[in-house]
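Right, one structure below, let's go through it.
Just so you know, all these numbers are worked out from the coordinates, no wet-lab data involved. Note that the structure is predicted; figures quoted are calculated from it, not measured. Cβ coordinates were reconstructed from backbone atoms using ideal geometry, including for glycine residues, and neighbour counts include every protein chain displayed.
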Amino acid sequence: MTSVGPIRPSRAAFAAALVGLGVLGLIYGNSCEVWESIPKSLPGRPVVMYLCALIVLATGIGLLSRSSLVLACRVLLPFLLLWLVLLKLPALLSAPRVMVGWESFAETASLSAGGWCLFASGARAWEQRHLSFAVGTRGVRAARLLLIAALPMIGLSHFVYHDLTASLVPGWLGFPLGWTYLTGAASLAAAAGMLFGIVPRLAASLEAAMLWVFTLLVWVPRVAASPHAQGGWSELLISAAIASGAWLVADTYRGVPWLSSGRAARAVSFD
């Protein structure tokens, strides 16, 4: 049985982002931008949107307690994977040449990778008997691979949509296109480092830190400037959830020396 340790900052941040997304969904109901990818032709769409918001809210709260963590993970991971497959994959397959579909898929994949790390580390006897491929060390490594697959999509979007990305760079930083290309290249480098075991702990941690910098420097000021705009809150909370997902994955390397490379650098630490 893998252990359920104390609430680490990465888990608390992930839970807080989920709670925020759930509250946002309940406030805006069937006009919530977080769930806009749910087909408008779906019967009972408003009910489905409220149900999604409740699931995200309940699981976010559940991650904050030892007694409810395992149940929350059992619900959250399948929900995130369904979100990925049912809402993000169809758009990607129908228009594979449109980069925004890959980017959107990658963002949800990053959330799923974080949820998978929690599920894998908190697995109980039933999961270990019936889902051994998805829990423990094997599960964490699968979650790492999911994040590794997502990062190139995020990085390449900076190059494809360079003007849009540059417009989000705070003016006081200067050189917006330079930052756009640098951060895109950084995500590609982080994926390579994790995949090939080249200082993977440093690569994953720097990627998570960079995603948090995006969240704090880009979306927090926009929410502060327009606190009643749903779009700003949606982007802020989704960005925080993505950054937290990457942080959870980075935490699985915490037993590895920062500059370690090779087979030993792939060791897994549990939550």
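Each listed q (0.08, 0.09, 0.15 Å⁻¹) maps to a log10 I(q)/I(0) for the chain from the Debye sum over equal C-alpha point scatterers, namely -0.31, -0.40, -1.15. The value given for the stretch 14-99 is a Kirkwood hydrodynamic radius of 13.7 Å, derived from the mean inverse Cα-Cα separation. Full extension of the chain segment joining Arg141 with Leu93 gains 14.7 nm, where the gain is 0.36 nm per residue of separation less the Cα-Cα distance. Using a simple spin-label model with pseudo-atoms 7 Å out from Cα toward Cβ, Ser269 and Arg254 lie 0.6 nm apart. With point charges of +1 on the Cβ of Lys and Arg and -1 on the Cβ of Asp and Glu, referenced to the Cα centre of the stretch 9-266, which listed residue (Trp179, Ser261, Pro46) lies farthest in the positive direction of the dipole? So the residue we want is Ser261.
For the stretch 8-64, the calculated P(r), taken from all Cα-Cα distances in 10 Å bins from zero up to the bin holding the longest distance, is 27, 46, 22, 5, 0 percent.
For the pair the stretch 41-80 and the stretch 231-251, the centres of their Cα atoms are 17 angstrom apart.
Could you give the length gained on full extension between Ser68 and Trp172, defined as 0.36 nm per residue of separation minus the Cα-Cα distance, in nm?
33.0 nm
About its Cα centre, the stretch 9-266 has a charge dipole of approximately 880 debye under the convention of +1 per Lys or Arg Cβ and -1 per Asp or Glu Cβ, with nothing else charged.
What FRET efficiency comes out for the pair Ser41/Tyr161, r = Cβ-Cβ distance, R0 = 35 Å, nearest 0.05? Walk me through the intermediate numbers first.
Working: r = 28 Å, r/R0 = 0.81.
Once the sixth-power term is evaluated, E becomes 0.80.
Comparing mean-square fluctuations of Val56, Val100, Val140 from a GNM of the chain with C-alpha springs under 10 Å, the top value falls on Val100. Residues Ser260, Ser226, arranged from fewest to most other Cβ atoms within 10 angstrom of their Cβ, appear as Ser226, Ser260. The stretch between Val220 and Phe133 holds 27.5 nm of extra length on full extension. This uses 0.36 nm per residue minus the Cα-Cα distance. Using all pairs of distinct alpha-carbon atoms, the Kirkwood hydrodynamic radius of the stretch 131-242 works out to 15.2 angstrom. Could you identify which residue out of Leu26, Leu77, Leu131 has the top mean-square fluctuation in a GNM of the chain using Cα springs shorter than 10 Å? Checking each option, the largest mean-square fluctuation is seen for Leu131. A simple rule links phi to the HN-Hα coupling: the Karplus curve 6.51 cos²θ - 1.76 cosθ + 1.60 with θ = phi - 60°, which for the stretch 258-264 gives 4, 9, 6, 9, x, 4, 5 Hz, with x for Gly and Pro.
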